[in-house]
Amino acid sequence: MSRKRTGTGTRKRKGLGPRASAVIPWGVPSARSSVMVRCSWTRGGEFESPPALTSPGTLEASGTTPQSVHRMRLGKTADDVVVAGGGLVGMAVALEAARRGLRVRVLDRSTPGAGATQAAAGMLSPLSESSDGGPFLSAGLASLRLYPGWIDALRAVSEVDPRYRRDGKLRVACAPPALRGLAGLARRAREFGLSAAPIDGEDLARLAGTRVAPPSGALLLAEDHQVDNRCLHRAVSEGARRTGVAVTPDAEVVAVVVERGRAIGVRLAGGDLLRAGAVVLAAGAWTGGIPGIPFPLPVRPVRGQMLALDARDSLPARVIESEDVYLVPRWDGRLLVGATVEEVGFDSGCTAEAGTLLRDAAIRLLPGLATAPVLDHWHGFRPGTPDAHPIIGTAPGVEGLYMATGHFRNGILLAPWTAEALGRLLAGGDGPEIPEAFLPDRFQRSPEDGRRSHAPNGG
């Protein structure tokens, strides 16, 4: 029988090895490399290549205090940390560890950022994603508070604009039965001191910036933000590169190598052993299939499909979400429409049925989209867990093995919080304590413990 947990406690963790070098503060670009890269998009979802950089930039103090970090005593050919997974979470952890003075390498099974990170919508909505208070909402709100400073630091170190917006979200109840959910959302907002202002009539039209089908009710969630997830990954990746992180694409990790109870590195698909003082598993939906984890890790793929419409003639001014669909405006006139939640394993591909359902739901919410052409239709695999909480922290039974996975549709939201939490474990110094409800060893006790329900949509 599993022992009962509240899911709100925390445990202290120790860093790696003896104290060594000082943390590298977030910086500003050098005078020789001072052009901010505007993140761009072309049809098909690919970015333009960044311009060649003449200098990696100089990391200088930017409101942070240097602090001591820990480092393993390793051979010259070993990294301090190997991160398996180059999505946003893995890359953010790598950047934070490198900023704290560790030698870091990121390995990705394909192209870094081409999985769930690229498929997401970039909504930062902790309140909508939590059915109660609990540790998830606390971590989500804490991560949201980190975002403004994180974005400023990323712009400085990477010279890439992540296109972060803080203009709130309109949450609409299209049908009378959805009013109960809207009232519950407003109640939770009040409990946590967040703004959830009722909106109707002319105010709705003004705030939406386009015609909205007459709703049964609406709220403006002022603290909900959004970011262009693809631009954000590009900024984090470039920042990591400039901070000394080595990134290897097309390097599939097929096993964690363990000797005498300690992770000493990873084995690649080609047979190579890469040694490291610590291993971080951040491979998203694929994490649970990596051998070497000391117990079955119940991370599963949850397929999500999305559309992009050319909505330049009826683009809303901010995110709009109903009980059926969410609409995320982008700076270039695209409107992202999401998203399905499908338990189909790794069944790859998009379906015409899902595309029709998403487009019809978007038109019901914004009738002006009836003539908006579909630009793109894509899918991704979110990393789901039985209790819908992420898996963050030290793996029990294997020293030097850490996990940062299972974020489901909240990897974009929780990226800065996860990076700081893992940075503290890996290198010492400041960082949030990880709630027991997020720790990997909860599945060693009971895989079904602590279930939490999902919101109806999300990306």
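Details
- Residues in segment 212-245 that are under 13 Å from Glu321 (Cα atoms), out of contact with any Lys or Arg (no Cβ under 7 Å at 6 or more places or on another chain) and modelled with pLDDT under 95: Val212, Pro215, Gly217.
- Residue under evaluation Arg359, criteria (1) on the phi < 0 side of the Ramachandran plot; (2) over 20 Å from the mean Cα position of the chain (by Cα); (3) assigned to a loop (DSSP other than H, G, I, E, B), criterion not met: (3)
- Checklist (1) aliphatic (A, V, I, L, M); (2) in a strand (DSSP E or B); (3) over 28 Å from Ala255 (Cβ atoms) applied to Ala370, failing item: (2)
- Just one of (1) part of a loop (DSSP other than H, G, I, E, B); (2) aliphatic (A, V, I, L, M); (3) surrounded by fewer than 19 Cβ atoms within 10 Å (Cβ to Cβ) fails for Val212. It is (3).
- Here the condition is being at pLDDT 95 or above, buried (at least 22 other Cβ atoms within 10 Å of the Cβ), on the phi < 0 side of the Ramachandran plot and not in a loop (DSSP other than H, G, I, E, B); of Leu146, Leu154, it holds for Leu154 alone.
- Residue match in segment 407-419 (condition: more than 11 Å from the chain's Cα centre (by Cα) and surrounded by 24 or more Cβ atoms within 10 Å (Cβ to Cβ)): no
- Residues that are modelled with pLDDT of 95 or more and of a type in the set (Phe, Trp, Tyr), drawn from segment 313-349: Tyr326, Phe346
- Of everything in segment 284-315 that is among the basic types (Lys, Arg) and under 17 Å from the mean Cα position of the chain (by Cα), the residue that is surrounded by the fewest Cβ atoms within 10 Å (Cβ to Cβ) is Arg300.
The values are calculated or read from the model by the stated rules, or taken from the named source; none is laboratory data. Here the structure is a predicted model, which is why all the values come from computation and not from measurement. Note that we place each Cβ from the backbone using ideal geometry, even for glycine, and neighbour counts take in every protein chain shown.
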